[in-house]
Each structure stands twice: as C-alpha cells, then as structure tokens.
Amino acid sequence: MNDTGASPDLRGGDGVYSATLPGQAANAIVAFHVDATDTKAAATQFPEPNTSGEALVMFGQTLPAGGFGTYRFWITESTRAFWQSQIRLSNKLMDTTMIYNNMRAIYNASIRYRGSSFIRPSGNPLTANSAYAFKAPKDNPLLGTRSFNLDFFEGGRDPTYQRERFCFWMGEQLGHPTSYQRYVHVYVNQSKRGKVFGDVSFPNRDWLKTWYPDDFNGSLFEIDDWFEYDDSLSHNSVNATIQKFLTGSAYKQARYRWSWEKKVQQASDDCYQDIFTLAEAMNLPLGDVYDQRVSALVDFESWMRAFAVRHAIADWDGYGYARGKNAYTYNPVESGWQILLWDMDFSLGAGSSGATDSIFSGINDPTLSAKFYVNPRFRRAYVRAIQTIADTLYAPEIGDPIMDAQYQAFVTNSVVVDPPTAIRTWIDQRRASLTSQVDALDTSVFTMSETNIITSTTPATLTGEAPLQVKYISINGEPYPVKWTDLTHWEVDVSVTSTVTQLSIAALTLDEATLATLNASITYSGTLPIPDPGAARVINEIHYDPTQPAAEFIELYNTSSSNTFDLSGYRIDGVDMDFG
C-alpha cells in the first residue's frame, strides 16, 4: 500500500494508503488483511489476528437499479459450512463483511438467522429463506446504530409487502412510538434473498434515544412466549401475562424472566422490581384504589392506543389481543409504563382475524381482560382510540395515498408486488365494523344530573354523562379528578369554598379542546363554618433520597374525618411544588 499519490492512491501524504487487488472472476471472494508498522517498529494488523474475522472482497456483483438500499453480506466458504451445520435455533453470530449500497464496507461484522421457533430456518444461508439479525462493530455503526433486524416478510404472506409498514404508520399517527420499516435488497454472497427485505428499527437503546431523547435510561422489557423445547427442538409455549406469580409471598423472578425479558443496558442489571410493582398494581381488586394505583404507574393512553391498533388491524398475534408476545414495554424514568408495538404482520386480512371481529375479542391475558379492559377510565381510552382510527386513519382520503405512494415506490424500483387493492377492501369492511361497534357504546352527550345542588357537607359530588371524546373535566378553569363509574358516566367531587359556589363545568378532549360547557351552583347549608384546608393537612412522610431515580415524594395527610379539600393554588415552599 502507498500514500505517494501513485496509482491507485489519489493524493500523496494525506494519510490514506491505497492498494489494488488483482482482478478475479465474477462472484469470486478474496480475503485480505493489512499489516501496518510505524516508524518505531510497532506493528498491528487488521482485522486483528486473534479474531476469526476476515476482510472480504467479492468481484463482479451487479446491484439492482433504483433507490432502495442494498445490504450485501459476504462470507467465506468455511463460514457458510459452519453456519449450515448449526442447530435450527442457534444464535451463534457468523463473521461477515457487510457492504452498504456501493459506498461503504464494514469489516468484523456479524450476522445470524433470527425469529422464533415458528419461523426460523436452518441450513445453507445461500438458499434458506430467513430473517436476519446483523451487528456492526462498536466502533463502526451504520445509520446511527449497531443492531439491525432484517425481516423477510415471512416468505411473502403479504403479497403487497406493505401491510406491516402501514400498521406502524398508524401507530405513529396516533402519537405512539413505533418502528420505521425501510425496504432494502439483501444479498448473501452472490445470492439475492427474497424480493425485498424490511430493515426494521426495533426497541433497543438507539431506538429509545430517538423516541425518548431525554428519558432513555428506563427499564425495557420484551414481551414474548415462554418456550420449552425437547431434544428434537419441538416446543411448547406459554403466553406472557402480567399475573402475579409467587413463591410463597415473594414474586418468582424466574417465571417472569422468560416472558418479560429484560433488555439490560449493563450485565449487572438483573432487577425485576419494576415488573413486580406493575404486577402488584395490575392485580388489585377493581375499584378506586386500582384506578388510582394503575393510573399512577401506567401510561394507560399508550397501552390502549397500542391495543387499539392491534385490534383495528385484527392482528391476533400480539400482547393485548389473543397472544402474549410481539410487543415491548418501557418504563421511563420520568413517566409511566408504555406498550411498544412490534411485529404486526398478521394484519389487515393477511392471516388476521376477520374484518368484523369484536374489539373486545380474544384478550388472552386474564389480568387485562378481567381488570384493565374493564376499568371504565381505561376502557374509555381504548374505545376512543378505536374511534380515532375508524374516523381518520381508515378514511380513504387519509390512508389510500400512503398505500399508493408505497406501491409506486415498488414499481419505480422494479419490485413486483400486488397493488394494495385487497388492503383497501378489507379496511373498508373493518372501518364499517369498528364504527358500528363504537356507535353502540358511545350514546351520550355531555350532561350533568343536577345543576343546583344544596348540601350540608363538603365536598359536593357532581354526576353526569359524557361521550368518549371527553377525557378531562374542568371546573372554573381548573382540571378536576374524574371518577368514571362506567363507560359514559362520571363523578367529580367539588370542595365548597363559600356559602354559594358558582361553577362553570367544561368537558375537554384528549388534546384539551373544549367540547361542551355546563353551569351549576352549590349552596352550602351546613351549620359549621366551611373548614380551612390549612388546619387539616399535615406532611405525613418525606422520601427525599430514594435508590430508584425520580422516586422522591412528599405525602400529605388530611386529618379531617368528614371533609376533603381542593389544594389548587397552594404551594409547598422549599421544594417549589405548586398545586394546579
């Protein structure tokens, strides 16, 4: 190699050394290494001599035309034979040189088959149909990440090759963190694999940094089957559920480890306390305590948006529907647990449930079906998300241009797939079914049972009905905690602050737009003075130095046995805490 400017070196003295390898026949693979010695006689070699990797060059390969990316994986014959000899579910990484488009070589990379027992192949990597997992070296990431999932669309179950991509788009339109699916051509040596692959971003640390740039150090778990195998690799599987699994009175970590697989950021991180806390709350008896505890722990809007997407596309093969797999859950430091969508290829009529399937059918996890979906607050969020999908994302003027543009991209890149006609037909049927099911549940307008209330106690309880679009109720401009007694009926406790309290009551949507307003008055007829909240509240506990991040709290205790108080406008000095 030389840095003199003589061919093939382009510029002398720039620190970039160049050499020419002799020409070879088409599809021939040549391995090489580079030895370097400095002026002090210190020597090194690339690839490192103590690794099994080799730097490879393949000659004479022609790439497909068009704008889709191309990922080429070059392996030696010895690697091919070793790969072929592995058992079907081996996760052994194979040495490869990866070429991105026609512009970049990544040496010392690795690749393997991926997928569950249901789809993963074995055998010759030049002929086996498979999804792949690819890893780039730590010092040489590609497109901002080291880990790639390459999806082969399971052999073409979806002849349009765009159903799953459309489902991820739906999640994103709902404001839900989702995965980006990029179409690429994949080669293993001279063998082109499939029509096209999906390079699918998936929940890992790089993904978390994208969606949670200020909060990516929480706890991430993959929700999956618990598999047990015999010697022939036949298996039985158990769905993931968020039930309580105990040994005596202690949570059985070994039972959760398989179905709630922790994606650790460091080897020593084996704490499952987050999951135990979640399971404890999710299995409380239904009622006010359940509602309060779960609402405090869980971003239930996120969970229900994810479940609504899964049911709207009728993909039974995921958590929250008929299976306990194909999802992730993330517990950010600064907010509540979220469900992350993943693997939605049994969808939109391609192996999915029918277009008229009930939005409450087949919920496999008994904790979800008997509690989470039943709680009125969470159930409202779920049906509201279903309604949004039916009214907007499934509207032809919104969804059809997305599918048409993707089909045109396939045509432009000479990838022969079916047009999205069958998807449109299925969505039209599903939209009609979803609309009918929601309309049967959402029959209310915003009303209040009493507009003039006479009471001798405080607080006074207001009751009424509200349609599904309502998430918040504000009184005199301040949001109030709402108790939903069923899907459409609400209760709000209002502290009386004077003999006659005038109320302006507003129903607010999820984005806090005002849907409707009502007016009422409360006349206090009690014989005792209206109590002062300052005399009845005390600081009961201060948790100022927790071991878990963002777990500090101050507990206030109400000493009154007969009154509750509105603390809006109060402030705790010293901690800069203002009550809204």
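The values are calculated or read from the model by the stated rules, or taken from the named source; none is laboratory data. These figures come from a predicted structure and were not determined experimentally. Neighbour counts are summed over all protein chains in view; Cβ atoms, including those assigned to glycine, are modelled from backbone coordinates with ideal geometry. Heads up: the accessible areas ignore ligands, DNA and RNA and are worked out on the full protein's heavy atoms, side chains in. Shrake-Rupley method; radii C 1.70, N 1.55, O 1.52, S 1.80 Å.
Remarks
- Filtering region 213-259 to residues that are under 24 Å from the mean Cα position of the chain (by Cα) and charged (D, E, K, R) leaves 214, 215, 222, 224, 225, 244, 255, 257.
- Among residues of region 27-46 being farther than 23 Å from residue 187 by Cα and of a type in the set (S, T, N, Q), the one that is surrounded by the fewest Cβ atoms within 10 Å (Cβ to Cβ) is 39.
- Long-range neighbours under 6 Å by Cβ, at least six apart or interchain, first residue touching a residue at least 40 places away in the same chain (Cβ under 8 Å) and among the aliphatic types (A, V, I, L, M) within region 396-422, second open to solvent by 70 Å² or more (accessible area, probe 1.4 Å) and not in a loop (DSSP other than H, G, I, E, B): 415/195
- Condition check for residue 236 on (1) under 25 Å from residue 303 (Cβ atoms); (2) at pLDDT below 90; (3) not hydroxyl-bearing (Ser, Thr, Tyr): one failure, at (1).
- Selected residue (criterion: surrounded by the most Cβ atoms within 10 Å (Cβ to Cβ)) from residues of region 82-93 that are under 11 Å from residue 112 (Cα atoms) and among the hydrophobic types (A, V, I, L, M, F, W, C): 83
- In region 459-472, residue modelled with the lowest pLDDT [restricted to those that are within 16 Å of residue 502 (Cα to Cα) and crowded, with 18+ Cβ neighbours inside 10 Å]: 460
- Any hit, region 441-458, residues being over 30 Å from residue 348 (Cα atoms), hydroxyl-bearing (Ser, Thr, Tyr), in contact with an Asp or Glu (Cβ under 8 Å, 6 or more places away or on another chain) and open to solvent by 60 Å² or more (accessible area, probe 1.4 Å): no
- Considering region 294-352, and only residues there that are in a loop (DSSP other than H, G, I, E, B) and of a type in the set (Val, Ile, Thr), the residue that is modelled with the lowest pLDDT turns out to be 333.
- Residue within region 396-411 that is open to solvent by 10 Å² or more (accessible area, probe 1.4 Å) and either assigned to a loop (DSSP other than H, G, I, E, B) or under 29 Å from residue 490 (Cα atoms) (or both) present: no
- Subset of region 307-342 that is in contact (Cβ under 8 Å) with a residue 60 or more places away in the chain and on the phi > 0 side of the Ramachandran plot - its residue that is nearest to the chain's Cα centre (by Cα): 326
- All of 4, 79, 96 fail the test of being out of contact with any Ser or Thr (no Cβ under 8 Å at 6 or more places or on another chain), of a type in the set (Ser, Thr, Tyr), modelled with pLDDT of 90 or more and surrounded by 11 or more Cβ atoms within 10 Å (Cβ to Cβ), apart from 4.
- Candidates are the residues of region 365-378 that are assigned to a loop (DSSP other than H, G, I, E, B) and either closer than 19 Å to residue 292 by Cβ or at pLDDT below 95 (or both); the one that is nearest to the chain's Cα centre (by Cα) is 373.
- Residue within region 325-336 that is aromatic (Phe, Trp, Tyr) and either open to solvent by less than 30 Å² (accessible area, probe 1.4 Å) or in contact with a Lys or Arg (Cβ under 8 Å, 6 or more places away or on another chain) (or both) present: yes
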